[in-house]
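Data first, discussion second: the structure below is written as structure tokens.
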Amino acid sequence: MPTHEDVDAFLTETLVGSDPAGAAALAAQHDAGLPAIEVAPVNAKFLHLLTRIAGARRVLEIGTLGGYSTIWFARAVGPQGTVVTIEAESANAALARRNLEHADLAARVEVRVGRGADVLPTLEGQEPFDLVFIDADKESNELYLDWAARLGRPGTVVVLDNVVRGGEVADAGTPDSKVQGARRGILMLGTDPRFDATALQTLDRKGWDGVAVAILVHAGAGPGA
Ligand code: DHB
Ligand code: MG
């Protein structure tokens, strides 16, 4: 009986295919000692397709790590598009820049170093983002969702990573702060009138997790602001 890893390998091989620049970015990230918590290739391709389906030209990513998902967003926005990606660790940001250079995509990407809480306010007043991907410290999910709404426009796509965490998200009493962050993110997406959302459980090479996808119905500051 095939396992979910076998299925992931089949889907990745068939639908994502050969990706030398992505593989080089992951190898560089591994050699630098970063954790292998980047999105799985099938998930990266999902984000890439979602970006193209939305016709997004301006993408905001919160949580760069080594730039693997960033590479897939940069491919999706095309030569006229822009990806702004925020990374708290300067060494990770430097690695991501090298990986983007190697992938020949650096011209489309602005890597901003700092905590989301500090960098996000500096993006106010720019053209709104068409798609926002939140994949950083899970404890700050609500803050990042609020900024996604402020920096977006009606119709902006908002994606929140890691919302299932091996099923733990269904445990309201979990002591895990990352899972509590995932729960608060889902609760905000379900109650804040700025968002209309759903979430899908996923099973790929990283195991059982999930991704929430939302559309911004109203942009700007929230009802509590
Ligand atoms: C973690 C973070 C991620 O973004 C991810 O995809 C998986 C795990 C973590 O911090 O545990
Ligand atoms: Mg993630």
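Charged side chains reduced to their Cβ positions (Lys and Arg at +1, Asp and Glu at -1) give the chain a dipole of some 540 debye around its Cα centre.
Structural size metrics of the range 1-135, computed from C-alpha coordinates, are Rg and Dmax of 14.8, 54 Å.
With K and R counted +1 and D and E -1, the other residues having a Cβ less than 14 Å from that of residue 41 yield a net charge of -2.
Globularity index of the chain is 0.97 (Cα radius of gyration / 2.2 N^0.38 Å, N = number of residues). Full extension of the chain between residue 89 and residue 126 yields a length gain of 10.9 nm, computed as 0.36 nm times the residue separation minus the alpha carbon distance.
Apolar share of the accessible surface for the range 178-225: 59 percent from carbon plus sulfur atoms, 1.4 Å probe. A cut-off under 14 angstrom between Cβ atoms defines the neighbours of residue 88, and their net charge, with Lys, Arg +1 and Asp, Glu -1, is -4. Which percent, nearest 5, of DSSP beta bridges in the chain are antiparallel? Here the antiparallel bridges make up roughly 45 percent for the chain. Where both bridge residues fall in the range 51-139, DSSP classifies roughly 0% of the beta bridges as antiparallel.
For residue 106, the shell of other residues with beta-carbons less than 13 Å away shows a net charge of +1, using +1 for Lys and Arg and -1 for Asp and Glu.
On the beta carbon distance between residue 171 and residue 101, with R0 = 35 Å, the FRET formula returns roughly 0.25. Annotation: per residue accessible area for the range 161-225 equals 52 Å², rounded to a whole number [probe 1.4 Å, protein chains only]. The Cα center of the range 178-223 and the Cα center of the range 70-140 differ in position by 20 Å.
The values are calculated or read from the model by the stated rules, or taken from the named source; none is laboratory data. Values in this document were obtained by computation on a predicted structure and should not be read as measured data. Here Cβ is always computed from backbone atoms with ideal geometry, including for glycine, and neighbour counts include all displayed protein chains. Quick note on the areas: whole protein, heavy atoms, side chains included, nothing else; ligands and nucleic acids left out. Shrake-Rupley method; radii C 1.70, N 1.55, O 1.52, S 1.80 Å.
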